[in-house]
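Below: the structure, in structure tokens.
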Amino acid sequence: MAEEKKITCVICPNSCVVTVKYEGENIIEVTGHNCKRGLKYASAEAIHPVRSLSTTVRCKNGRVVAVKTNVPVPKENVYDVMWEINHFTAPDDISFGDVVIPHVYGLDADVVVIGG
Ligand code: SF4
């Protein structure tokens, strides 16, 4: 049975409200977008929503460093990914670009140092 989602496109400040009709993983119809980027974003958001995560990890010596996932993770896994990152203690000698948690929560995403 077909389903429908209304998605506010966040690609540019126009904030078009895009309606996506889909069945399972098949897109049936997309309306309300004003460009191909919005079509692609809303279609993906309806079927496989993902989120980029930026947060911090604490090192053994107490230093806090900024990290992010190197690729967006499925929206339904965001809580579990954050839980794993929040319960991880990094070694003291990590630096920019280091992978501190490879394949976080078993996903194809690594947690990488971006600052601190
Ligand atoms: S659909 Fe296109 S014009 Fe509309 S918000 Fe998205 S990117 Fe901007």
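The phi-based Karplus calculation (6.51 cos²θ - 1.76 cosθ + 1.60; θ = phi - 60°) puts the 3J(HN,Hα) values of the range 12-20 at 9, x, 5, 6, 4, 8, 10, 9, 10 Hz, whole numbers, x for Gly and Pro.
Evaluated over the chain, the count of Lys pairs having alpha-carbon atoms less than 26 Å apart is 15 (only pairs 8 or more residues apart or interchain).
Between residue 107 and any residue 5 or more places off or on another chain, the built amide H atoms are never under 5 Å apart. The figure for residue 5 is an accessible area of roughly 80 square angstrom, using a 1.4 Å probe on the protein chains alone. Potential lengthening of the chain between residue 14 and residue 55 amounts to 12.0 nm, from the contour at 0.36 nm per residue minus the alpha-carbon distance.
Computed with every protein chain present, the accessible area of residue 54 is close to 90 Å² [probe 1.4 Å].
Amide H to amide H, with H built 1.01 Å from N, residue 56 comes under 5 Å of 67, counting only residues 5 or more places away or on other chains. Calculated mean residue ellipticity at 222 nm for the chain: -5500 deg cm²/dmol, from DSSP H runs with n ≥ 4 weighted as -39500 (n - 2.57), summed, divided by the residue count and rounded to 500. Placing 79, 105, 41, 22 in order of accessible area, with the largest value first and a 1.4 Å probe, yields 79, 105, 41, 22.
Phi angles across the range 30-35 convert, under the Karplus curve 6.51 cos²θ - 1.76 cosθ + 1.60 with θ = phi - 60°, into 3J(HN,Hα) values of 10, 9, x, 7, 10, 6 Hz, Gly and Pro given as x.
A 1.4 Å probe, protein heavy atoms only, puts the accessible area of residue 93 near 120 Å². When both the range 5-24 and the range 69-95 are represented by their alpha-carbon centers, they are found 28 Å apart.
Computed from phi, the 3J(HN,Hα) profile of the range 71-82 under the Karplus parametrisation 6.51, -1.76, 1.60 (θ = phi - 60°) reads 9, x, 10, x, 4, 5, 9, 4, 4, 5, 5, 5 Hz, with x in place of Gly and Pro.
Between the Cα long axis of helix 36-47 and the first principal axis of the chain there is an angle of about 80°, rounded to the nearest 10.
The values are calculated or read from the model by the stated rules, or taken from the named source; none is laboratory data. Please read these numbers as outputs of a predicted model, since none were measured by experiment. In case anyone asks, the SASA skips ligands and DNA or RNA and just uses the protein heavy atoms, side chains included. Shrake-Rupley method; radii C 1.70, N 1.55, O 1.52, S 1.80 Å.
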